[in-house]
1. Using the Cα centre of the protein assembly as shown as the reference point, and only Cβ charges (+1 on K/R, -1 on D/E), how large is the resulting charge dipole? Debye, rounded to the nearest 20.
2. Just the Cα atoms of the range B:235-302, one point each, no solvent: what log10 I(q)/I(0) does Debye give at q = 0.15 Å⁻¹?
3. Which aspartates and glutamates, on any chain, are close to B:LYS299 with Cα under 14 Å apart, when same-chain ones fewer than 8 places away are left out?
4. For a quick protection proxy, order the peptides A:254-265, B:398-409 by their average other-Cβ count within 10 Å, most packed first.
5. How large is Rg/Rh for the range B:383-498, to two decimals, with Cα atoms and a Kirkwood Rh?
6. Residues of A:406-414, mean number of Cβ from any other protein chain within 10 Å of their own Cβ, rounded to a whole number?
7. What average number of partner chain Cβ atoms lie no more than 10 Å from the Cβ of the residues making up A:389-396?
8. Residue farthest toward the positive end of the dipole of the range B:83-216, with Cβ of Lys/Arg at +1 and Asp/Glu at -1: which of B:GLY126, B:THR93, B:ASN181?
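Readers should treat all values here as calculations from the given coordinates under stated rules, not as data from a laboratory. Note that the structure is predicted; figures quoted are calculated from it, not measured. So basically every Cβ, Gly included, is an ideal-geometry build from the backbone, and we count neighbours across all protein chains shown.
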Amino acid sequence: MRRTRRLVIMPLMFFLLLSVAVNASMSARSIGLGDDFVVVGGAEALYGNPALVNLEGKKFLLEFSATGGFWNNLFRNDYISEGDKDKLLDIAEKNGLLLGAEANPGLKMAIGPVLLFTEGRGQGLLRVSEDYAELLLKGNELERTYKLEGSNGVMAFYLDSGINYSHRLSDKQVESLNEAMNNDALQLDNCYVGISYHYLQGAFFKYEASGEFGLGFDEEGVGEITGSDGAVALYYTEIEEFADLARGHAFDIGVYADLNERYSLGFSILNIGGSMKVDRVREERLDFVYNEEKEEWELNDTSDQEFYLEKENIMQLPLIVKMGGKMEVIDGLDLLANYTISSYRDSIYKKGLTEHRWTLAAEFDRLQFLPLRAGLSYSTLESNLALSAGLGIHLGPLHLDLGVSDLTGLFYRSKGFNAGLNLSLVF
Amino acid sequence: MKKKALLILFLILSLLLTACSNPEGGFGPSWDITAKIPLIKGSEENKITVYDLLGEDVNLEEGISISLADGEDTLYDLGGELSTVSLDIGDGTLELSLLPVPPDITVVDDLGEIKIDTQFSRLVLGENLATVTIEPLDKVDFQDIKLYIFDDGQRQDPYEIPIGADGKGQWQMDGLVFSSNDILIAAVADNANTGEVTVSIDLPDKLLVESITCDVGESLADKDTTINFELDLDLDEKIREELEKVEFWPELVLNLATLEGLEINIKDLVFTTRGAKPEVINTEIEGTGSKKTVELIGKSLLDLLRDPGITGFNVSANYSITGEEVTVNRTSKVGIEAIRIQIPYEFSVKEDIVYQVNGQEVGSLDQDTRELLQNRLEAALVIEDLYNNFPFSVEIGVYLASISGNPTEEFIEENLYTEANKIKSISIEQRTGYKSFPVKLASKELEPFAQEDLYAGVKIIIPRNATGETYKFNEEDEFTFNLIYISLTGKINGGEEK
């Protein structure tokens, strides 16, 4: 009783710590617009559409970026009343509590149509079972058990180095395409194709949990831990002295076209074959076993033992498919729309996770030195409608871009936060 | 223009800070979370019903009923007293001349006569046997004879009596019905010559009666109708304890068994106490019908019940039993069928009534939980599904103590339920219920939880009623709870602590 009561109390504290861990995502411009659009060009197109990295036809780019963000699918920056908790638990019924985070500090250099980049990236998506999400929200109810099954996740920290090549189709090629379409109402103008290659090396860790626990009473009315045997298991690459670095590759491809001088369309697939492999991972387990003879729970903690799983272990990056369009409303004002589907398919997620994100955005750059951006996006995974904004300060070849999301936090409605800063030298 | 751009940048950064905070000032979300630490589980044993309060014998329509006598010694055996009738037939043998044909009632010389000395309007005989003898034997050339009975001048269907070679036969008189005292009998056999054969019938002096319809008062005129019996005052210890605490208004009640048309009165009912100091108590009987109330003259029944020196009563009385046309069976018993002490369901509590549940092991809280307790969290003692359906308020005392080793239940109770170990006392109003009843605990009240080997218990007190107000119960009245636990509520990310 004494030792095992912590099985219920401690998760409450543990998850609280998790929920305040901070990371971030994407580029400053895309954060301001609400997503990595497939019709937005420049160095930040590396995350949206590899065809548009060299869209603006600049000869040289050197960019430092630092972005990060985190989100979850339940908690807003608000006081959660008891009534709110029931609504949130309805959301948790599908995927439990999801905690997502991403961070990208990095450097990019482009010369002509070729962009070289190297970035540190951190990203993760942790899932907490519906029962333990309820435990976290409401605390424990006596005489019921909370299942750990469905709690799992992956976090990765790696260096992403690579090269992008984006190519503008020649006028002749575009003219051939128009002739092939044979539709006077649809006239293609600028067309781009692009590809990125990523070489990944770093570390990842995965976790999964099983079993169920609760506080209740035995037949004689004595308080006791109830439930069934289970465990929390961690698998991670040992990166001390870079002995067991995980390594892998990924490809992105994309296409883009201007249509009737006023519209643009784009399509991209990111993280094709994206994964990192390592020959062995270290395993740490905390097993909870009920000893029938002693009639008490026993904890078996292997964190102080060096135990390795000597077999190839793979962490798969989410496969991302994007499509979208842009309309020039007036000179200097573009309206953008984007749809992204992300499939989190790592084997640790027993039930894969899929995110659908729809985004609408506007970019006003009549003042070329001060482009302004705003976006509205909805994510099924986050169960959240987010409002974003950003601006750039472009002083000659020196560009500073900022972006923030989610500004619904001003109305205490935000489930996450993203911010980014890009400083680039472009000419 | 560049200054404006910087101004916008400044505004955006300010907004960022605002966008991340919650209304209570913290960063991100804020909510209350509660950890529940189990203490006591409610059970059937922990439930107090009206029957626990008043005993299993309680009849809420009438109140508590304590049976003193069940009629075995108190009833008057009326059927036994009237179970025989005497016959007047001289030497006990009735002699008749055997006739060849059934006679006419007008030919009295051919008939034998039986006189019954008891007045009745209907008599049904019980198990009686008469012997029939035929003489002379040489004239007996028949197998049976018939006996014709004339009751109140009316000839009844004949009784056929088989006659053996020795000239004798048996007359089973069971179920024979008479409606008058004067009975005439004739004996008939085919081929008999009048005057040649004599039939002798030997009858018992007294005939057993199955039932008789008569004037009971007249029949009992010379009978003894006094009764004497003993009553044991063997009160359940629990009831005796309750009698000390609760102000009841008990009644001594008699239930009379009677017959249709019968009137029974009890005269000179006297109770003499048994014990160290016998005392004679005269009574008055009130009430109509079969239920009578006995008033003790100059004595309080409640005082007698509370007196542990009184072990019972010797009771004497005289029955007055009348009724002009009453049918009495052989087994009829009348008179006092039951004596009981009846306590109406209204009463007041003059001393606290205390119930305590068995102390339950809580064990020792782990270090993490103890730290939570010390963390200035909002703590409460919570009782779930708490219902006090009694017509009075109930006080609940929650006790917590450190008791090491393998203590017995008695040891736990002795050491747990002390004033020093009481962590909270709660009063629950009458006829109220709560799905969840939280009581805030101050930091000091949480200190006992830091001890090892904890036991928890609950004492339920029905407090003394100083105003003398009387309580009235319903059958479903009970006091129940499901769970008792400690809840620790903390605000996650809520800015300054409360």
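1. 9660 debye
2. Values returned for q = 0.15 Å⁻¹ are -0.66.
3. B:GLU251, B:GLU279, B:GLU284, B:ASP307
4. On the way: A:254-265: 18.5, B:398-409: 15.6.
Descending packing order for the listed peptides: A:254-265, B:398-409.
5. 1.04
6. Values: counts 2, 5, 1, 9, 6, 1, 6, 1, 5.
Averaged over the peptide's residues, the number is 4.
7. Working: counts 3, 1, 4, 1, 5, 1, 2, 0.
For peptide A:389-396, the averaged partner shielding equals 2.
8. Positive-end residue among those listed: B:GLY126.
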